[in-house]
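**Q** This is the structure I want to talk about, given as structure tokens.
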Amino acid sequence: MKRVNQLSNQSSECRLKVYIRTFGCQMNEYDSEIMAGILTDDGYGLVDDTSKADVVLLNTCSVREHAEDKVWSELGRLSKIRENKPLTIGVCGCMAQKEGAKIIRRFPSVSLVCGTHNFHQIGELLNEVKTANPVRGKTSNRVKGIVNIGESEKLPFFRLPVRKDGRVSTSLAIMRGCSKFCSYCVVPYLRGKEKSRGPEEIIDEIVHLTEQGFKEFLLLGQDITSYKYKSKMSNEWKDIDLSYLLKEVNSIDGVERIRFITSHPSGVTSRLLKAVSDLPKVCEHLHLPLQSGSDRILKLMNRGYTRDFYLNLASKAREIIPELSITTDLIVGFPGESEAEFEDTLDVMRKVGFDNAFMYKYSIRPGTKAAGMKNEVPENIKKERLRRLQEIQREMSLKRNENFLGRRVEVLVDGTKKKAPSKLLGRTRTNKVVTFKGEKGIIGKLVDVTITGACQWTLQGKIN
Ligand code: SAH
Ligand code: SF4
Ligand code: F3S
């Protein structure tokens with residue numbers, strides 16, 4: 001299915017304007033990009049603010065309670081705005097999948113609830129909303145709502161819309177869903193079971209995107225190391241895994257860098273590490289969520305590995321890929337986590353030396369296995385543990401970044417620094433942000449930069 005962006009042949013005056021606001025992970029952002037592509041094809045104009053919009057779509061996340069709270073309060077704000085201005089409000093993504101019609105019962109001003117399996121039908125669904133609510137301009141807070149959260153067996157295939165904002169990096173889902181069922185996590189319930197896309201389709205989409213000027217590809221999957229697809233090649237059925245797919249993508253002309261997230265530790269094979277090491281376009285970065293450094297907690301989390309397994313994997317990975325940067329996700333305050341068990345996490349952190357970490361307080365997700373576990377950790381202890389985790393990570397990130405001082409590294413130039421537009425921003429192969437002075441003309445290009453400064457978050461450099 002070929003999608004062509006028709007933005008340029010429509011008068012901007014008569015088009016309905018849509019604002020898509022994303023609250024979730026990279027997969028959620030990717031889904032927003034697909035919806036943006038579909039709606040521009042359908043003649044909508046994209047805007048970046050509620051005040052300019054006729055339609056506001058919230059693409060939501062349910063991974064922690066806090067993520068949901070943000071959406072509930074945004075719905076309150078939008079409902080107020082809608083009292084004075086005609087506005088179609090839609091809720092998409094994981095919270096839509098989880099709450100369904102309950103969203104409309106709580107906020108009757110919402111006219112569309114579109115789940116994680118239905119985002120590709122966004123155009124038709126908005127048309128249905130229009131048909132069900134024929135009088136545009138009516139600001140009554142009671143609208144006829146449409147709810148679509150049904151799951152289909154087949155994965156939708158899309159090519160992303162042409163984007164002309166000069167960006168050179170893009171993401172691309174190679175699979176959807178997750179079948180790991182970590183005991184704390186709501187994702188498998190909301191995104192369905194793991195389904196991989198066919199390699200031919202993925203390669204076709206990447207070739208198409210290179211023709212639009214994209215050079216860096218972030219392959220997405222909640223559990224990407226489980227990627228597998230049975231494919232017929234030279235008359236033989238073959239099991240394609242992530243390593244094989246990386247090799248295929250590496251051979252596409254125009255692709256300059258390949259990244260992939262998120263790797264589940266139990267799925268990182270020596271073959272995959274070799275592929276990262278051998279394939280020149282695959283970047284030396286693994287996002288490898290640890291979650292906890294305690295064997296008892298890892299078992300309760302249903303993570304399927306032990307602390308020693310993780311430590312061995314991290315050192316093997318660094319042996320095979322010496323430049324490798326490893327980032328992680330960590331949860332503090334899982335039910336029953338003792339001080340000693342929390343310290344086990346600190347210990348693994350120190351041993352591995354993560355380049356960066358996303359750190360979270362455990363949040364109860366109703367319906368998950370952990371939600372029924374006793375010995376909840378009090379909020380003040382969670383807070384304190386999070387603070388200690390962050391403190392150690394700050395030291396680690398700085399140390400890892402200081403290793404780059406004086407070194408010459410390849411940087412893909414992303415754009416200019418928001419707060420200092422005279423400076424350029426880019427990323428190293430290890431996914432570190434570098435700022436440096438340079439001509440705007442090199443945006444989108446690979447350049448060599450010598451690192452002259454390092455802080456916890458970023459590197460500073462100068463072009464050679
Ligand atoms: N598929 C990825 C990421 C899933 S969600 C993976 O397996 O790593 C991103 C992160 O959110 C998780 O890695 C975990 O650290 C965190 N997370 C998930 N559920 C959570 C919960 N109930 N409370 C706190 N953090 C959670
Ligand atoms: Fe959630 Fe675990 Fe699946 Fe990641 S691997 S999405 S944490 S269930
Ligand atoms: Fe959130 Fe859904 Fe992603 S719950 S983390 S938006 S898969």
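**Q** Treating only the Cβ atoms of Lys and Arg (+1) and Asp and Glu (-1) as charged, compute the dipole magnitude of segment 169-400 about its Cα centre; round to the nearest 20 debye.
**A** 580
**Q** Give a residue-ordered list of calculated ³J(HN,Hα) values for segment 169-176 (Karplus: 6.51 cos²θ - 1.76 cosθ + 1.60, θ = phi - 60°; whole Hz; x for Gly, Pro).
**A** 10, 8, 10, 7, 6, 9, 7, 9
**Q** Still on this structure: Would you work out what percent of the accessible area of segment 169-400, with all protein chains in place, is carbon or sulfur (probe 1.4 Å)?
**A** About 51 percent, which is the carbon plus sulfur part of the accessible surface.
**Q** Just name one of S325, T269, L412: the one whose Cα is farthest towards the positive end of the charge dipole of the chain (beta-carbon charges, Lys/Arg +1, Asp/Glu -1).
**A** Value computed over the given set: L412.
**Q** In the chain, with Lys and Arg counted as +1 and Asp and Glu as -1 at Cβ, which of these residues, G198, L57, L87, has the Cα nearest the positive end of the dipole, that is, farthest along it?
**A** After comparing all options, I get L87.
**Q** To continue, here is another question. Dipole of segment 273-333, Cα-centred, from +1 at each Lys and Arg C-beta and -1 at each Asp and Glu C-beta, to the nearest 20 debye?
**A** So the magnitude is around 220 debye.
**Q** Moving on. Over segment 408-463, what percent of the accessible surface lies on carbon and sulfur atoms, probe 1.4 Å?
**A** Percent of accessible area from carbon and sulfur atoms in segment 408-463: 52.
**Q** Applying 1/(1 + (r/R0)^6) with R0 = 45 Å to the Cβ-Cβ distance of S266 and K102, what FRET efficiency is obtained, to the nearest 0.05?
**A** 0.80
**Q** Leaving out ligands and nucleic acids, and using a 1.4 Å probe, what accessible area per residue does segment 408-463 come to in Å²?
**A** Counting only protein heavy atoms, the per-residue value for segment 408-463 is 53 Å².
**Q** Here's something else I'd like to know. Which is the longest stretch in the chain that no exposed loop site breaks, taking sites as GluC sites (Glu not before Pro) with a DSSP loop state and at most 12 other Cβ atoms within 10 Å?
**A** 154-438
**Q** So what is the accessible area of segment 169-400 per residue, in Å², with the probe set to 1.4 Å?
**A** On a per-residue basis, segment 169-400 sits at 42 Å².
**Q** Per residue, how much accessible surface does segment 60-107 expose to a 1.4 Å probe? Answer in Å², no decimals.
**A** Per-residue value: 44 Å².
**Q** Restricting to Cα pairs below 8 Å that are 6+ residues apart, what does the relative contact order work out to for the chain? Please round to a whole percent.
**A** Answer for the chain is 10 percent.
**Q** Quote the charge dipole size of the chain about the Cα centre in Debye, to the nearest 20; the model charges only the Cβ of Lys and Arg (+1) and of Asp and Glu (-1).
**A** It works out to roughly 880 debye.
**Q** Based on alpha-carbon centroids, what's the gap between segment 409-439 and segment 188-212 in Å, whole number please?
**A** Segment 409-439 and segment 188-212 have Cα centres spaced 29 Å from each other.
**Q** In segment 4-148, what percent of the accessible surface is made up of carbon and sulfur (1.4 Å probe, ligands and nucleic acids excluded)?
**A** Result for segment 4-148: 47 percent of the exposed heavy-atom area is carbon or sulfur.
The values are calculated or read from the model by the stated rules, or taken from the named source; none is laboratory data. Just so it is clear, the structure is predicted and the values come from calculations on it, not from any experiment. Using ideal geometry, Cβ is built from the backbone for each residue, glycine included, and neighbour counts are taken over all protein chains shown. In case anyone asks, the SASA skips ligands and DNA or RNA and just uses the protein heavy atoms, side chains included. Shrake-Rupley method; radii C 1.70, N 1.55, O 1.52, S 1.80 Å.
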